[in-house]
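Presented below is the structure to which this report refers.
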Amino acid sequence: MQLPPPSDGAFRWIMKCGWKGLCPRCGQGQMFKSWLEVSDKCDSCDLDYRFAAPDDGPAFFSLCIAAFPLAFFVVWIQVTFDPPWWVHLLTSLPVMVLGTLLPLRPIKGWLVASQFVNRAQQHGTQASWARLNGTDPAKNDFDQ
């Protein structure tokens, strides 16, 4: 079982696991069971992914990182060339859709791997989550 290296290598580990969709504990199993759906457990080390709660983070980062600059590109096309509407339909729409959808999976992978490596958990919720999931409240969710 491969564990993430301490401090200086943790960022690299998060980026590698998130980009490739690998388990953040062992680096072997798949994190996703479909394009954006996180697996229930790692098929290699049995890491339970119930801790993973990236919520709207991937969409937010995709919009901020990709859509914002792409919108400037679309406006530049309009101002510079003043094309008819169908040109935007054939160029701008696909660029915007692909530019915002393609980064979703790696961003979600990075967020899940980051949660695991950094043991990110909302403060004061461990006992509630243990009751809800039927796990041992004395153990950390990341170690079960």
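The values are calculated or read from the model by the stated rules, or taken from the named source; none is laboratory data. What you are looking at is a predicted structure, and each value in this text was computed from that prediction instead of being measured. Note: ideal-geometry Cβ built from the backbone for every residue, glycine included; neighbour counts use all protein chains shown.
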Considering only the stretch 20-52, state which residues are among the polar types (S, T, N, Q) and without any contact (Cβ under 8 Å) to a residue 12 or more places away in the chain.
Ser34, Ser39
Please tell me if Val74 is of a type in the set (Val, Ile, Thr), assigned to a helix (DSSP H, G or I) and surrounded by 15 or more Cβ atoms within 10 Å (Cβ to Cβ).
yes
For the stretch 21-60, name all the residues that are over 23 Å from Leu102 (Cβ atoms) and among the hydroxyl-bearing types (Ser, Thr, Tyr).
Ser44
Just wondering, is there one or more residues in the stretch 88-107 that are assigned to a loop (DSSP other than H, G, I, E, B), within 20 Å of the chain's Cα centre (by Cα), under 24 Å from Ser34 (Cα atoms) and in contact (Cβ under 8 Å) with a residue 40 or more places away in the chain?
yes
Within the set of pairs 6 or more residues apart or between chains, which connect a residue that is modelled with pLDDT of 65 or more inside the stretch 129-143 to a residue that is assigned to a helix (DSSP H, G or I) and aromatic (Phe, Trp, Tyr) with Cβ atoms less than 7 Å apart?
Phe142/Phe51; Phe142/Phe116
Identify the residue in the stretch 16-45 that is of a type in the set (Phe, Trp, Tyr) and within 20 Å of Asp56 (Cβ to Cβ) and, among all such residues, is surrounded by the fewest Cβ atoms within 10 Å (Cβ to Cβ).
Trp35
Return the residues of the stretch 47-71 that are outside any helix (DSSP H, G or I) and among the basic types (Lys, Arg); say none if nothing qualifies.
none
